[in-house]
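Before I ask anything, here is the structure I am working with.
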Amino acid sequence: MTQSVVVQVGQCGNQVGCRFWDLALREHAHVNKKGLYDEALSSFFRNVDSRKSAGGACGVGGRIQHLKARAVLVDMEEGVVKEILQGPLREVFDSAQLLTDVSGSGNNWAVGHMTYGSAYREQIVDKLRKAAEHCDCLQCFFLIHSMGGGTGSGLGTSVLSLLEEEFPDVCRIVTSIYPSAEDDVITSPYNSILAMRELTEHADCVLPVENQSLVDIVNKIKIMSHSAKPGSVIKRDSTVISGQGGLSGPEKPFDAMNNIVANLLLNITSSARFEGSLNMDLNEIAMNLVPFPRLHYLVPSLTPLYTLADVSVPTRRLDQMFSDAFSKDHQLIRADPKHSLYLACALMVRGNVQVSDLRRNIERLRPSLPFVSWNQEGWKTSLCSVPPVGHSHSLLALANNTCVKPTFMELRERFTKLYRKKAHLHHYLHVEGMEQSFFSEAVDSLSSLIEEYHQLDATKARLIPDTPRLSIAT
């Protein structure tokens, strides 16, 4: 069995990570009734017996002693990490795997990337190596961070380049939370553009998630809960949407949004954690979905959205769930993939779903989904037998689709408005090691990326529909 390490950077990264670990523990508790440390648990957790010497690691097959997350937590403000260490999950994290400062990055990519990236380089590398040494077969690093702030965007991408440098053969999957246009961090366009260049150069896959899409989904669920239509009532104390779950205390503003991203991570890791008739290795995602190294931005969509809210409705028809995955209402960025071009697509299904159901739905949807001419069969599928807690099935779709282009263009436009006036630039240029050329190089990198998507889009008009096959008369 392979193992993965989750690296959480910045306030957002650590809050999302905390929700992931809470929900993952509940999934395993629901399945693992015997209290044994099995291979499923070993993929993301260590089993530690403090009575033993040399780290006290226990092998697969024994009783669960103390589960420790295979995680590295980094934040240059100590608030969120301190809160985690005072909360119910405090025993899950090894204190040796935490790294905090007190002053923060001041919403400045340069401070996070240059100042803290340099100052804490050795400590970060040491913690990453220790996490890797605890793995028998390290397959993947999951990096969770936001793009708008200073620590997430700056130090997060510094950690990403360290991962490539130290572990070049280990897959790097990054979940990046993109700021909305109404973001309260004025410098977020600078931070996002500077971080984008690093993501394009150093990540194997990036799962972009827009704050605005998360807000829209949460509002949609709230409207359903207040409409109180017969048969569509949301449990208000829902463990998934409320943010409480196994945690105590009042709900915080971003809890519901963080849960959506945590559910994305639960689904993408389900094949690594549980048995299934058609399992997908995490490194197969990049291998099958990324035909060109720079075009590795995979648009995620979750269905049913009710999974996120424990909605008490009759189970969605299986076929409807597949249709929903390709509608704009279920995308975690504001995009409509059906009107753009697919390079490849992965369907990660959980629950009691048969291979025949999967094939039938792909054949049903194929005519309405424009794929590049040279990859008409660009589907990757997985079936995990364990559904999310309390549900019969769920589906995560990862689409390498040109529909990310408008998101990147909007980001570039917001950057240009600030940069044209050189507004707030001095805050960055005062940081040692930061040069103005970094801005022009970053926006050039993004423009080049947009142009690559644009050139692929241009081929859509030339797509020739499949020629009908001849049938033999009998």
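The values are calculated or read from the model by the stated rules, or taken from the named source; none is laboratory data. Keep in mind that what you see is a predicted model, and the values were worked out from it rather than measured. Here Cβ is always computed from backbone atoms with ideal geometry, including for glycine, and neighbour counts include all displayed protein chains. Remember, those area values only see protein heavy atoms, side chains included, never the ligands or the DNA or RNA. Shrake-Rupley method; radii C 1.70, N 1.55, O 1.52, S 1.80 Å.
Identify the trypsin sites (Lys or Arg not before Pro) of the stretch 1-87 meeting these criteria: DSSP loop state and at most 16 other C-beta atoms within 10 Å of the C-beta.
Values: sites: Arg19, Arg26, Lys33, Lys34, Arg46, Arg51, Lys52, Arg63, Lys68, Arg70, Lys82; in loops: Lys33, Lys34, Arg51, Lys52, Arg70.
Here the trypsin sites (Lys or Arg not before Pro) that fit, given the DSSP loop and packing criteria, are Lys33, Lys34, Arg51, Lys52.
Can you list, largest first and rounded to whole Å, the semi-axes you get for the stretch 406-461 by taking the square root of 5 times each eigenvalue of its Cα gyration tensor? Before the final figure, lay out the partial values.
Values: eigenvalues 164, 30, 8 Å².
For the stretch 406-461, the semi-axes come out at 29, 12, 6 Å.
Given the Cα-Cα distance of Leu85 and Asp216 and 0.36 nm per residue of separation, how much length would full extension add, in nm? Numbers along the way, then the final one.
Working: separation 131, 0.36 × 131 = 47.16 nm, distance 3.11 nm.
Taking 0.36 nm per residue and subtracting the Cα distance, the gain is 44.0 nm.
Rg/Rh for the stretch 1-101: what does it come to with C-alpha atoms and Rh from Kirkwood?
On the way: Rg = 13.7 Å, Rh = 14.1 Å.
Using Cα coordinates only, the ratio equals 0.97.
Based on DSSP H runs of at least 4 residues, each adding -39500 (n - 2.57), what is the mean residue ellipticity at 222 nm of the chain after dividing by all its residues, to the nearest 500 deg cm²/dmol? All intermediate terms of the calculation are to be shown ahead of the outcome.
On the way: 15 runs with 177 residues, N = 474.
That calculation yields -11500 deg cm²/dmol at 222 nm.
Kirkwood Rh over alpha-carbon pairs of the stretch 67-170, then Stokes-Einstein at 37 °C and 0.692 mPa s: what D in µm² s⁻¹, rounded to an integer? Intermediate values should be presented prior to the final figure.
On the way: Rh = 14.1 Å.
My calculation gives 232 µm²/s for D.
Report in % the part of the accessible area of the chain that belongs to carbon and sulfur, leaving out ligands and nucleic acids; probe 1.4 Å.
About 52 percent, which is the carbon plus sulfur part of the accessible surface.
On to the next question. How far is the Cα center of the stretch 68-97 from the Cα center of the stretch 1-62, in Å?
After rounding, the separation between the Cα centres reads 14 Å.
Rounded to whole Hz and in sequence order, give me ³J(HN,Hα) for the stretch 400-406 from the Karplus expression 6.51 cos²θ - 1.76 cosθ + 1.60, θ = phi - 60°, writing x for Gly and Pro.
8, 9, 6, 5, 6, 4, x
What number results when the radius of gyration of the chain, computed over Cα atoms, is divided by 2.2 N^0.38 Å?
On the way: Rg = 22.1 Å, N = 474, 2.2 N^0.38 = 22.9 Å.
Scaled against compact globular proteins, the figure is 0.97.
For the stretch 92-207, what relative contact order do you get, as a whole percent, if you take Cα pairs closer than 8 Å and at least 6 residues apart?
Working: 166 pairs, mean separation 36.6, N = 116.
Relative contact order here is 32 percent.
Still on this structure, please answer the following. On the full set of protein chains, 1.4 Å probe, figure out the accessible area of Asp255 and give it in Å² to the nearest 10.
20
What accessible area per residue comes out for the stretch 88-177, rounded to a whole number of Å², with a 1.4 Å probe? Please list the in-between numbers first.
Numbers: 3230 Å² over 90 residues.
Ligands and nucleic acids excluded, the result is 36 Å² per residue.
A further question follows. Mind listing the phi-derived Karplus ³J(HN,Hα) values for the stretch 120-130, rounded to whole Hz, using 6.51, -1.76 and 1.60 with θ = phi - 60°, and x for any glycine or proline?
Per residue, the Karplus-derived 3J(HN,Hα) values read 10, 3, 5, 5, 5, 4, 4, 5, 5, 5, 5 Hz.
Can you pull the accessible area of Ile285 for me, 1.4 Å probe, Å² to the nearest 10?
0
With θ taken as phi - 60° and the coefficients 6.51, -1.76 and 1.60, list the Karplus ³J(HN,Hα) couplings across the stretch 442-451 in order, rounded to whole Hz; mark glycine and proline as x.
Per residue, the Karplus-derived 3J(HN,Hα) values read 5, 6, 5, 4, 5, 4, 5, 5, 4, 5 Hz.
I need to check one value: relative contact order of the chain, counting alpha carbon pairs closer than 8 Å and at least 6 residues apart, in percent.
Details: 892 pairs, mean separation 73.9, N = 474.
This gives 16 percent for the chain.
Collect residues whose amide H, placed 1.01 Å from N in the peptide plane, falls under 5 Å from the amide H of Leu138; neighbours closer than 5 in sequence don't count.
Excluding prolines and chain starts, which carry no amide H, the hits are Gln3.
Still on this model: Within the set of other residues whose C-beta is less than 13 Å from the C-beta of Met114, count the net charge using Lys and Arg as +1 and Asp and Glu as -1.
Values: positive: Arg121; negative: Glu198, Glu432, Glu435.
Net charge in that neighbourhood comes out at -2.
Among DSSP bridges having both ends in the chain, what percentage is antiparallel? Round to the nearest 5. Don't skip to the end; give the middle numbers.
Details: 24 of 58 bridges.
Taking every DSSP beta bridge with both residues in the chain, the antiparallel ones total about 40 percent.
Per residue, how much accessible surface does the stretch 406-461 expose to a 1.4 Å probe? Answer in Å², no decimals.
Working: 3160 Å² over 56 residues.
I get 56 Å² per residue for the stretch 406-461.
Aspartates and glutamates within cross-link reach of Lys130: Cα-Cα under 13 Å, excluding same-chain residues under 8 positions apart?
Asp94, Glu122, Glu166
Name the residues whose placed amide hydrogens come within less than 5 Å of the amide hydrogen of Asp94, ignoring near sequence neighbours (fewer than 5 apart) on the same chain.
Excluding prolines and chain starts, which carry no amide H, the hits are Ala69.
Here's a follow-up. Sequence-distant or interchain residues sharing an amide H contact under 5 Å with Val72, placed H: which?
Val6, Val7, Gln8
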